[in-house]
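Worksheet: the structure to be examined is printed underneath.
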Amino acid sequence: IFFVFFALKTITERKLSFRTSPFDLPVVLFTVISFASAILSQNRFDALTAFTPLLFLAFLYFGIVNVIKGKKQLLFILVCLIAGAVVASLLSLFSFFKIYLLPFPYTHDQAFTTFGSLIDQAIYFILVLPLAGQFLYDRFVSVRAQKRLVSPFETGRELGVKKQDVGLLSFFAVSAVILILGLAFTLYLLFTTQKPIILPLEIGLQTAFAAISQDTGHIFKSLLLGSGFGTYLNDFTRFKATSYNQYSNLWAFTFFRSSTFVLELIATTGILGVASFLFLIFRILKERTFFLPLLLAIIAAFVLPFSFSPMFLFFILLALFAVTRISFHHKGKFSEFEFFFFASKRKYAGESIEGENENQKKYGLFLSVLVSLLLLLLVGVPVYFATRFFLSDITFQNALVAASKNQGLQTYDLEVKAINIFPYRDAYYRAFSQTNLTLASLLVSQQKNTNNKLSEQVQKNILTLIQQSINGGRTATTLAPLTTFNWNNLSSIYRSLIGFGQNADKFTLLTSQQAIALDPNNPQQYIDFGGVYYQLGQYDDAIRQFEFAISLKNDYANAYYNLGHALEMKGDFTSAMTAYQTVKNLVANNPGNVQKITADIDALKTKIGKAANENPTTNVSNTQQEQQPLSVNKSATQLPERKPPVEIPGPSVSPIPSPTGVSPTP
């Protein structure tokens, strides 16, 4: 909106005005380097999608600096900022006492917050609270010291807020009280029922420096620009240390953000990205003015992860700080540049001469329109794609709601619509591929339940759905080749087609290996890989994969459980019994799992007795029920065997080198 009015102003006045600030250079550097890291990322679409909000924040910074030029304007934006936080605080307070003001069902939760995260809400309140409290402090408490270090912002005095302004001061007083209450209840929830899950600092440190030093084949690029702005998920899966598996409450989680914002910048934007951010902090501290909210934001960046909300507030506070420095402390140091597209008057020998003719007017108008169009294009392109992203996200959310209600066809149609609106998001294709596979499986199961032969049209529909499932999975891996979720998804599709499609077993193994290459220290990857070999009856290979999983996490009960079943199917009953006994020790505190493994042990003892009496090499089919967390790994969906198998497309796999310092993947 700012750029639209700015362009109209440029056309009307036929001049381009631009106001400089103390932080222009570091903001531009940080934005440009983040863009370079995104455009060069192997997961380019993910990185550009994550970068777009940052681009808007940079635009917003320059917008505030160029628009806010008076005390009333500055006061207005401060009131708006505080009022927004107050509304969020009130909603949070009412929700805490189970008074739900919003009509949407998903907001009816005691821990509901408009920020989507209580830790983001806490950060936001902590940074905004000093703005409200400062007015009261300046008006009623502070005694002006000789050294101008008492007031962080000197908001009240600089904006000319007088004691007579009872209404305004009352607003800030009430706002401060509401924000304090909102912050108190938010912190209470964070330390009691809603404890935040944050990546341990040592894992964040290790992952960050591994990401810029161990990316085989891209070391120089990763060192300078990282993996791509906003793509920390890939860094975490590829470079997390084996020691992460020792965190019993965290090891199964995949983190999208690092331990702190600065560590995330190191991994995703490299040395240049974090250097530009540190340069920005240096310029802030160089001002030698104690602006408490901005100082708290800087500290938070070094100790906490940042989502969009804290980043947004950081840039807003930076812009407000820049405006106050320009307007009240650096008058004359930072000027407003004006570029005229025509000369209205020319002075010659002390005489004013009207120097603009019709050609000059047309030329000036043409240049002003051209510059305005370039400015609008600069903003319009990301706005266009951001709007499509937003609309597609709403559509996809509706698809998820339909899926939760088992409305298969509606889910299918909405996912197609979401993909057509914004065809650059791998998550849409992952979901779409699974929807197609589920619908195909349902059609097959209906035929089996009715014992009727499938019509030609139904068979055609099944094959079409399977083809679309594979294509969706392959497209996801093309859009985001470093995202392990995509390869796991494609592997699960091929695995469900073993016996139904040609070479499905080979494609399953190939995509599973690709997933392991992207997540080499995750024991679950090896259980999935071993499960494929188990399904194919290749028990030695399955045993080897389950043993890899155990080597990564030696207290993982499900790894021993799968190992035991593979050994049992192979006929090594003694080793299988050892694995089962280990499982029983590990799940001793879980009555359901104890009952399950006890039944398995009893069944194995019966087999051992029969084998001793009859034939020690007898193989007995596995008839165990599958329950979580103890379960024999298998495909979630399995289509029946087809003879001859249908032809299916294989994956587009590019070799991914193992990170240096990480042992080779089996």
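Ranking request for peptides 367-379, 515-527: highest mean number of other beta-carbon atoms within 10 Å first, then the rest in descending order.
Values: 367-379: 15.6, 515-527: 23.9.
Per-residue mean Cβ counts within 10 Å order the peptides as 515-527, 367-379.
For the stretch 4-103, please report how many Lys pairs fall under 22 Å Cα to Cα, leaving out neighbours fewer than 8 apart on the same chain.
Values: 9/69; 9/71; 9/72; 15/69.
Going through the stretch 4-103 pair by pair, I get 4.
Computed over all pairs of different Cα atoms, the Kirkwood value for the hydrodynamic radius of the stretch 235-283 is 12.3 Å.
Grab the eigenvalues of the alpha-carbon gyration tensor for the stretch 58-104, scale each by 5, take roots, and send me the semi-axes largest first in whole angstrom.
Values: eigenvalues 207, 28, 10 Å².
After scaling each eigenvalue by five and taking roots: 32, 12, 7 Å.
Put simply, the C-alpha atoms of the stretch 448-542 give a gyration tensor, and the ellipsoid matching it has half-axes of 27, 18, 9 Å, longest first. Taking label points 7 Å from Cα along the Cα-to-Cβ direction, residue 250 and residue 443 give a separation of 4.6 nm. Based on the Stokes-Einstein relation at 25 °C and a viscosity of 0.890 mPa s, and on the Kirkwood radius from alpha carbon pairs, the stretch 507-569 is assigned a translational diffusion coefficient of 218 µm²/s.
Need one word for the stretch 523-603: rounded, prolate or oblate. Basis is the Cα gyration tensor (sqrt eigenvalues a ≥ b ≥ c); a/c below 1.5 gives rounded, then a/b vs b/c decides. Oblate. Computed over the alpha carbons of the stretch 202-326, Rg followed by Dmax gives 16.1, 52 Å.
Residue 391 to residue 278: extension gain in nm, 0.36 nm per residue of separation minus the Cα-Cα distance? Provide the component values of the computation, followed by the final result.
Working: separation 113, 0.36 × 113 = 40.68 nm, distance 3.56 nm.
That pair, residue 391 and residue 278, stretches by 37.1 nm at full extension.
Highest mean packing first, where packing is the average number of other Cβ atoms within 10 Å per residue, the peptides 490-496, 318-324, 546-552 line up as 490-496, 318-324, 546-552.
Using only the Cα atoms of the stretch 260-300, construct the convex hull and provide its projected area averaged over every direction, in square nanometres to one decimal.
On the way: hull surface 11.0 nm².
For the stretch 260-300, averaging the hull's shadow over all directions gives 2.7 nm².
Each eigenvalue of the Cα gyration tensor of the stretch 1-94, multiplied by 5 and square-rooted, gives one semi-axis; in descending order these are 27, 25, 13 Å.
Rolling a 1.4 Å probe over the protein chains gives residue 311 an accessible area of about 20 Å².
Taking 2.2 N^0.38 Å as the expected size of a compact globular protein, what ratio does the Cα radius of gyration of the stretch 280-325 give against it, to two decimals?
Values: Rg = 10.3 Å, N = 46, 2.2 N^0.38 = 9.4 Å.
Against the empirical 2.2 N^0.38 Å value, I get 1.09 for the stretch 280-325.
Could you work out what % of the accessible surface of the stretch 429-493 is carbon and sulfur, using a 1.4 angstrom probe and leaving DNA, RNA and ligands out of the count?
Details: 1520 of 2930 Å².
Exposed carbon and sulfur together represent 52 percent of the surface.
Orientation-averaged projection of the stretch 177-234 equals 6.0 nm² [convex hull of Cα atoms, one quarter of hull surface area].
As a quick test, which of the pairs 610/634; 570/610; 570/596; 553/584; 506/643 have an alpha carbon distance above 23 angstrom in this structure?
Numbers: 610/634 28 Å; 570/610 16 Å; 570/596 21 Å; 553/584 16 Å; 506/643 17 Å.
Cα-Cα > 23 Å for 610/634; rest within.
For residue 398 and residue 574, what is the calculated FRET efficiency with R₀ set at 45 Å and r taken between the beta-carbons, to the nearest 0.05? Computed FRET efficiency for residue 398 and residue 574: 0.25. Net charge of the neighbourhood of residue 283, taken over other residues with C-beta under 11 Å away and scored Lys/Arg +1, Asp/Glu -1, is 0.
Rg and Dmax over the alpha-carbon atoms of the stretch 538-579 stand at 9.2, 26 Å. Surface calculation, 1.4 Å probe, protein heavy atoms: residue 384 sits at approximately 120 Å² accessible.
Run the numbers for residue 166 and residue 39: contour at 0.36 nm per residue of separation, minus the present Cα-Cα distance, in nm.
On the way: separation 127, 0.36 × 127 = 45.72 nm, distance 5.22 nm.
Value of the extension gain: 40.5 nm.
With the biggest extent put first, the Cα atoms of the stretch 63-137 measure 43, 27, 19 Å across the principal axes.
The values are calculated or read from the model by the stated rules, or taken from the named source; none is laboratory data. Predicted, not measured: the structure shown is a model, and the values here were computed from it. As a convention, Cβ positions derive from the backbone with ideal geometry for all residues, glycine included, and neighbour counts pool all protein chains shown. Just so you know, the surface numbers come from the protein's heavy atoms only, side chains and all, with ligands and any DNA or RNA stripped out. Shrake-Rupley method; radii C 1.70, N 1.55, O 1.52, S 1.80 Å.
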